[in-house]
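The values are calculated or read from the model by the stated rules, or taken from the named source; none is laboratory data. As the structure is a prediction and not an experimental result, all values here were calculated from the model. Heads up, the Cβs are rebuilt from the backbone with ideal geometry, glycines too, and the neighbour counts pull from every protein chain shown.
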Amino acid sequence: MQAAGGRRQGTGGRLQAAGGSIEAAVHSQPSQKKWPTTEWIPPSASSHWVHRILPAACRLPSAFCRLPAAACRLFPAACLLLSAFWILPAEIIDRIAISVGNQIITESQIDEEIRLTAFLNQEKLDLDNAERKKAAARLIEQTLVRREMEFSHYPLPPLSDAVRSLETLKTRDKTEAEYQQELDAYGITEEGLKRRLWWQATFLRFIDYRFRPGIQIPDADVQASYQQQLDKWKQDGIQPLPSLEDVRASIEQNLTEQRIDQELDRWLADTRTQVAIRFHDEALQ
């Protein structure tokens, strides 16, 4: 499970929740503790769930240029009709693609999700309907996770945490000019990229916080996994063969990531039955 659809070394991947701007979330929920500096996670280091929800493993998370859910409450239809008399010519700001409970995912968010994912994975930009469906599915799952963050009053780190990740990412280009050219080619901004990196790190931390404490790996599972790996090493002619104690920590980590992945999938499936999801664009179903 790699770059565009995978996860973080053993677990899942969905990125970029919709329904409320990141900046608004940061200011409305000030950080309650000091967070470590965010590190950019390369695609090769991401796991299944991170790549499914946070498809660009540098991901998880993000670039959420979205229409805040609060805006829909503050500007009802009557207000918009009244404003039309004062704003000429009238402009369409964005179009709602999906409603997830009382939160929304807009057409521009889906477009940005595709562009940022392609940029981070260094893939060819593809805006066809198949990619829009994949992006929409990721955004729905991310919205459900963001909703859980809000319900649990999870403390969000400051947006400034993404600065170091952004600087690390920029080093893959030789010059500042080349970096800017690449942003332009994918139709994204540095600010959007920073928000994306912030969100992916926040997402990964929350998944660990939410699911890891309940995971326990029986010794029998460790030994079974070791035996499977041992048989593969023998087939590959690897010598000398590592002992169980040499690789126990790695096996336990991988099994833990798999369990988190399974728990996350079960939680998402259950949550989807409790939240009304409406597609305003039927092509995304």
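Considering only region 146-170, how many residues are crowded, with 23+ Cβ neighbours inside 10 Å and closer than 22 Å to ILE96 by Cβ? Quick ask: steps written out before the conclusion?
Going through region 146-170, the residues crowded, with 23+ Cβ neighbours inside 10 Å turn out to be 146, 156, 162.
Those left that are additionally closer than 22 Å to ILE96 by Cβ: 146.
Residues in region 146-170 being crowded, with 23+ Cβ neighbours inside 10 Å and closer than 22 Å to ILE96 by Cβ: 1 in total.
Here is a check on your reading of the model: is VAL163 modelled with pLDDT under 95, touching a helix residue (DSSP H, G or I) at 6+ places or on another chain (Cβ under 8 Å), assigned to a helix (DSSP H, G or I) and of a type in the set (A, V, I, L, M, F, W, C)?
Details: modelled with pLDDT under 95: yes; touching a helix residue (DSSP H, G or I) at 6+ places or on another chain (Cβ under 8 Å): yes; assigned to a helix (DSSP H, G or I): yes; of a type in the set (A, V, I, L, M, F, W, C): yes.
In short, yes.
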If you scan region 109-135, which residues turn out to be crowded, with 24+ Cβ neighbours inside 10 Å and more than 19 Å from ALA201 (Cα to Cα)? ILE110
Within region 139-155, can one find any residue that is touching a Pro at 6+ places or on another chain (Cβ under 8 Å), not aromatic (Phe, Trp, Tyr) and not in a helix (DSSP H, G or I)? yes
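Only one of GLU245, GLU257 is under 14 Å from ILE215 (Cα atoms) and in a helix (DSSP H, G or I); which? Break it down stepwise before answering.
Working: GLU245 fails: under 14 Å from ILE215 (Cα atoms).
Answer to the check: GLU257.
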Pull out all pairs, ordered by first then second residue, where Cβ-Cβ is under 7 Å, the residues are six or more apart or on different chains, the first lies in region 174-192 and is at pLDDT 95 or above, and the second is basic (Lys, Arg). TYR186/ARG115; GLY187/ARG115; ILE188/ARG115
Of the residues in region 121-138, those that are polar (S, T, N, Q) and either closer than 29 Å to ASP173 by Cα or in contact with a Pro (Cβ under 9 Å, 6 or more places away or on another chain) (or both) number 2
Unmet requirement for GLU91, which otherwise passes all of (1) at pLDDT below 95; (2) surrounded by 12 or more Cβ atoms within 10 Å (Cβ to Cβ); (3) not polar (S, T, N, Q): (2)
Filter region 187-200 down to the residues that are assigned to a helix (DSSP H, G or I) and surrounded by 16 or more Cβ atoms within 10 Å (Cβ to Cβ) and list them by number. GLY192, LEU193, LYS194, ARG195, ARG196, LEU197, TRP198, TRP199, GLN200
